[in-house]
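**Q** Quick one: the structure is below, and I'll ask about it shortly.
Any read-out appearing in this document is the output of simple, stated calculations on the displayed coordinates, not a laboratory observation. Keep in mind that this is a model prediction, so the values were computed, not measured. Cβ coordinates were reconstructed from backbone atoms using ideal geometry, including for glycine residues, and neighbour counts include every protein chain displayed.
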Amino acid sequence: MIGNYYKRVWILAVGLVLILAVVWLYQADFSQNKNFVFGVTFSQKYAEELKLDWRKTLQALLNDLKIRQFRLVAYWDLLEPEPEQYNFSDLDWQINEVAQAGGQIILALGQRVPRWPECHWPGWVYRYNEAERKEKILALLEQVVKRYQKNKAIISWQVENEPWLKAFGQCPVPDNDFYKQEVALVRSLDNHPVSVTESGELSTWLRGGSQANWLGISVYRVTWNRWLGYFYYPLPPAHYYLKSQLIKFFTGSDKIYVSELQTEPWLGQPILNVSLADQYHSMDLDKFKNNVAYARKTGLSPIYLWGAEWWYWLKQQGDATIWNEAKKIWQP
């Protein structure tokens, strides 16, 4: 009888500890006494998809919002429209604009880079077999790094984007051996830190942490897929903070930061095919503010917001509320 009593007390105590731990996890805030750095990803191709003037869009981010931290994208299909015939004019313009404003750039390069369909292959690639295609990718990396390695605005090379994420994008099966070859090539060409990105929710971060100087992780709150529709990730900010500390301990990664913070809708089709009401169901002003506050609580910095082109597009539609809220981040 006494044994059963103590057993019940022990079970109750363990249950209480677990409840308190869960409450702590969901309330923990690791933002105290931190000076956060915020930036954005800018995609020329996404701005064009929204039927924006991509140059004016980037200039608005620089001159109106006063953003100085950028992740820019070296799209293979734009840089090499024909084999070994390179056109760097658009990317030169972007990098020069940020550099002249005193900004800093993480440059994403390779075959898999930000924005759907992730792998941005030139049409001519399909004439080549897999081994030949890999040689073309390595040649592209060398061209990009050598062109910009002396530009003072470049602070890191991001080699591919979430290279092991099978669940998203129209890309070949991940090839870890080839990815290591890409990273090794970039490191042999230049001493800037190499950034590797991983899904914040769907990955252990171990592979990225072990290969990166800097590890960028995505933070998404609401996603959409054709099986479940909208899906909310019930993860507390502590998930990202505690995981980052473990990854730093086990891999020695120099820095872990937020490479993508969701601040635009996640929809099942192109955004211009969706009504504003449905866009706001996925992302509106309140969700924008909540996501920024959530990211601060992770304690990770810098934080690169995802969707700046959409804020500008909304502004052109007559709704500047998110644009004006974003302005407070860089001009508090």
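**Q** Note down the nm distance, to one decimal, between modelled labels 7 Å out along Cα→Cβ at LEU202 and at VAL222.
**A** It is 1.9 nm.
**Q** Tell me, in nm to one decimal, what length is gained between LYS146 and ARG133 on full extension, where the rule is 0.36 nm per residue of separation less the Cα-Cα distance? Please report the intermediate quantities before stating the final value.
**A** Details: separation 13, 0.36 × 13 = 4.68 nm, distance 2.01 nm.
Result for the pair: 2.7 nm of gain on full extension.
**Q** Ranked highest first by average number of other Cβ atoms within 10 Å, how do 87-95, 200-208 line up?
**A** 200-208, 87-95
**Q** Still on this structure, I have one more. Give, in nm to one decimal, the length gained when the segment between ALA28 and ASN96 is fully stretched (0.36 nm per residue of separation minus the Cα-Cα distance).
**A** Once the chain is fully extended between ALA28 and ASN96, it gains 20.4 nm.
**Q** Test of understanding: extend the Cα→C-beta vector of GLN181 to 7 Å, then name every residue of the stretch 121-153 with backbone N under 19 Å from that spot.
**A** Only 121-122, 125-145 pass the distance filter.
**Q** Report the dimensions of the chain along its three principal axes from the alpha-carbon atoms, largest first, rounded to Å.
**A** 84, 49, 41
**Q** What ranking, highest mean first, results for peptides 31-44, 169-182 when packing means the other Cβ atoms within 10 Å averaged over each residue?
**A** 31-44, 169-182
**Q** Among 145-157, 298-310, how do they line up from the highest to the lowest mean number of other beta-carbon atoms within 10 Å?
**A** Order by mean packing, descending: 298-310, 145-157.
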